[in-house]
1. Counting just the residues of region C:108-125 that are touching a strand residue (DSSP E or B) at 6+ places or on another chain (Cβ under 6 Å) and modelled with pLDDT of 90 or more, which one comes out nearest to residue C:301 (Cα to Cα)?
2. Could you say whether any residue in region A:619-627 is surrounded by fewer than 20 Cβ atoms within 10 Å (Cβ to Cβ), in a loop (DSSP other than H, G, I, E, B), modelled with pLDDT of 60 or more and out of contact with any strand residue (DSSP E or B) (no Cβ under 6 Å at 6 or more places or on another chain)?
3. Check region B:302-311 and report whether any residue there is at pLDDT 90 or above and at the interface with another protein chain (Cβ under 7 Å from one of its Cβ atoms).
4. Within the bounds of region C:404-411, is there any residue that is assigned to a helix (DSSP H, G or I), crowded, with 23+ Cβ neighbours inside 10 Å and touching a residue at least 60 places away in the same chain (Cβ under 8 Å)?
5. For region B:140-164: of the residues being under 24 Å from the mean Cα position of the chain (by Cα) and at the interface with another protein chain (Cβ under 9 Å from one of its Cβ atoms), which is farthest from residue B:282 (Cα to Cα)?
6. Can you confirm whether residue C:260 is without any contact (Cβ under 8 Å) to a residue 12 or more places away in the chain and assigned to a helix (DSSP H, G or I)?
7. Any idea how many residues of region C:263-291 are assigned to a strand (DSSP E or B) and crowded, with 19+ Cβ neighbours inside 10 Å?
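The values are calculated or read from the model by the stated rules, or taken from the named source; none is laboratory data. Here the structure is a predicted model, which means the values were calculated and not measured. Note: ideal-geometry Cβ built from the backbone for every residue, glycine included; neighbour counts use all protein chains shown.
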């Protein structure tokens, strides 16, 4: 399937009379309108990214030592994505698809070229006009990045060329076959992950006393060295090849099991083989994972432990919110209130700096008080809102969250909460006189957090499969039906609030002891929103998903008040969180690791459709690259 | 079954206690305020708060006027929430940010005009130009938002577009921060007829303007929805989109129009905001957006008149509440609790009337 | 039915719970004890901990025993008690910036960070070694953010010192971590007395040796404003307004305390919230006490609203409006509403001041800043950040020596140098460090703003200096 073949292939007639065999199209047989549209969108996107200042801010961080910084990556990732999109053809259900070919590459290249002309215009614009008054990043630094610190004309000419090349690459992803495409994506994402995880890998290699590895991997400015990049690419390619070999070996018997594990109608034979394979792997996982989690922090440095402790705090919060939003389906936008109750209860009761309650009690005692108060708060907030409709409920819970923050901040109650000055000098956690958990030693905090995460995961897991858990899910799916079936929806919802509140208060209590101080500003609305993004990104209603969401988002991007691995993102964190929330809702509302039940609920139509397509006899012959409808062939 | 009924009554009992308690606090605060007015030495006032301040008539009127002006702003923004809710049935959380984009556009263009001197020489023309520009930018923002973020989600469970709109809200806010920087953008000086207190009512011209524009906008919107063909189509889509499309109504077009109208209203509100408060920053849309959202809910969302009434309720309540209810009860620094008062009003209204002041009682199966 | 069942599962869960808790507790204890065996870093952590508290005493005899002539250290200060950092040839000296650079307080932190960048560029190499600020860290103006960023810094043993934090709240959590790692932290904009001292010899409750700041102490500014209002304006009834920020609340309280000590009455003290626009209720509350002066040390945009709305509130028509450095910025002064206001703040008549380490004048730095970033600094502390950075670099230069091509920096020497700073000419004036890390000139001026067209003139129209 090379260019010449594609060129010489006969152009098919009109769409109506498509032949049964996939037809090829000429290189220039493009959907020009779509192409222009993609080019324009790309141009706007590229100029937007440039003008937000991301290239300048991210330029400090090298990914591959002398050649690629995060700043340039910010301008490089969009053309291939758009190129891929424009090269993909939408195929109506039941209609024949065209064969992938050189046309896709040309489409991608042209879209990339058109789009990056936007950057050319920007370069010329910055040199000739000055609109820095509203646009703060219309700056010489940006110009420097865009013209590669060379000359204006170089920049103006090179960007379209880069666009064309990367766009073509994106378009070629269709053409080169799924195996190659997958290998390429794997290699690129491995390199990216290795570059991003620099501090963790350095930290780990120090812990295991193999500094030589990280010294070899990374240059002095934190970027991967060229040699290391080459080796990582090679390893990724080899792994991908090995993986697809293994897959081919096992795939002959069960072609669909791995592709669509959540599809209900996948047939009984593959389902059985999949089921038979799981236990051994799972058993190993069950034995190994906890041991690894307990031992690993010993080999990690301060930085990674701190990062993981923060991630753990958000896992706790997300698990709590998951019960309210994910299981019971109540959109609580004021979840931060419970975090605040936990944090402040512990602060007031344990700190000698708090203005009230002089006899200070130990942390564990304060924790019980915090749990009690949080449960009470859950009851108080939950009771008035459970009868409200979903969207009313969202704004009312948001209001409750704000009211609690305002009260903590107020001069009126500063006799108890010390108002804006916060409560400082909160002591650490004395674990039965054996050890002290303090913020100075992130490792000790991490163990405390892990302990509570384990409790929270256990509780969530048990609740999910209990009677009350099923009641929650029934309420989520359809409240009226649930009520008709005899579920006490009111008490189920209140239980969800109370349980979620108690889990959130754990996190607050640990936060107080960890940071040693609390301020009302730590409990703003944005915290609620970030927790919500974590839950949704990970997969509402799924414990593993929520944990994964917290690890990925809080670990890499950082929390509202906590930096993540990519500290360069700090200025754009909320921007990215917002965009991610939208993207996730549009593309994968069920989340990273979906809960099977929830996914079915959200994508009922698609799943049915896919199942139908697969059930067709010809469907079995298609490769297993994905269930999206643009690949189906009748 | 018996147990279930009993638990329901438990919750109902608890809610009744909450209702009574909140109303009692309001009543007690108000009584103390009145007692204070009559005689600051009477036993009740002395018991409630011995150092309570008393308001002069002029101060009281100042509070009411500023509450009404602020409330009109909330109402104007809330109209946009209500329009979209009426037609699509979901709350577009990002509407407050569209409003901020309008205020921002106004600040930038009016400053450019002021630099070139036109702002002073021909203020009204400039103002109209700025308003038109701001409406245009807001309309485009709203329409693009609908096309990119909301259209693909039609027919999904109701919470999905709501969550999406929260994402859009934070995205827009931070876009403006990233593009335009974190400094405060101020409107240039206004002519005297807007800033001076008018002899009529002794109120600032800009506040009168805000109230007038808000009233006009509401009437115009009412006319659009009730009397025009587009309005009829909007109502049809709101009733049942599928049937409407069978009747030959282009549903997508109507929805885009709805967003466009909402966006244009936000643009007008943005400029009025600029005239009233004069300073804009990327977070300007957030709190007013949430309060307008609350206003729409208080008024009974989907109801245009109700939104305006809700806005006025919240505006006046947060203006008067701290000094009339909390101060007499001995709360120190009550102004700090202003936002808490606004949200408390929302909660109390919904406790007493679960579908808002003017909202229709919805059948239980629509509660999701 | 449901209740009965759920309580039963709860009881059952409790049993399993206890078991799970016991196992996990045992495991975590085991892990914690293993953690102590990992002696390398633990000892390293302990050493600075022990000596950190003694550091101020060492300052009593700066450069008491000069190094022997043959010593490669030359005249580098320090006794090595906090360890020595070795910068291999060809690598850079590491310092860090820890400011709030995202979120609503970015306006405060970004100028600080950018000024540090400028200072590093202007300062040039130290003994042939370049200085690297690394990735700017974000303290997020919160204690959690400060702590997390401080962990990042403390984990990197090459780091000598930190310029930050922007906010006192972040410093409360960050300073202990950074100082215990033997590093120094110099803040350009923390002003809370809790971080240093009350000037009576009592350390604040969050004081750490190794913490310095080039910003003034709130107590001075509060006293300055109180004295100005009471003595210069002759007003004995004042009100104060804050916005719930620890800084503004602290400063408003300091003003209240000083004013009452002087014999005046503070008839109103209240707060507004960030994001509020309608200030009339709060102003009406204050108007009830008929104050002669209103002090609102808040920020933009809320400050704009207060300035615009105060004259319209009945009872405040003739009241003098006073604000602090948070509003002493170009954008605010360009408003006509700000005409006739007084502003207290650190002496910002930087124009002619020259930093003695880089030789750059304030005007030059400001021009470079505007050129590079397209906007004027959005807060008043960029000069303090510049001075903080040059102080740190001077300290590095004083406490370092080259041996076998590598640069050695004595951490104790860095502190010793900073403790002995006296009469340093910076952008912000003459800096001298006291025993608790207050290095600022502590000179507070009150300016009177008369013309919104003449912003710079407004900043320099000083009508009162304190002390």
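1. C:112
2. There is no residue in region A:619-627 that is surrounded by fewer than 20 Cβ atoms within 10 Å (Cβ to Cβ), in a loop (DSSP other than H, G, I, E, B), modelled with pLDDT of 60 or more and out of contact with any strand residue (DSSP E or B) (no Cβ under 6 Å at 6 or more places or on another chain).
3. No: zero hits.
4. Within region C:404-411, one or more residues are assigned to a helix (DSSP H, G or I), crowded, with 23+ Cβ neighbours inside 10 Å and touching a residue at least 60 places away in the same chain (Cβ under 8 Å).
5. The residue in question is B:158.
6. Yes; evaluated as a whole, the condition is true for this residue.
7. 5
Let's see how each residue does on (1) closer than 21 Å to residue A:555 by Cα; (2) in a helix (DSSP H, G or I); (3) over 18 Å from the mean Cα position of the chain (by Cα):
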{"residue": "A:171", "(1), (2), (3)": "no, yes, yes"}
{"residue": "A:174", "(1), (2), (3)": "no, yes, yes"}
{"residue": "A:181", "(1), (2), (3)": "no, yes, yes"}
{"residue": "A:187", "(1), (2), (3)": "no, yes, yes"}
{"residue": "A:192", "(1), (2), (3)": "yes, yes, no"}
{"residue": "A:201", "(1), (2), (3)": "yes, yes, yes"}
{"residue": "A:206", "(1), (2), (3)": "yes, yes, yes"}
{"residue": "A:209", "(1), (2), (3)": "no, no, yes"}
{"residue": "A:216", "(1), (2), (3)": "no, yes, yes"}
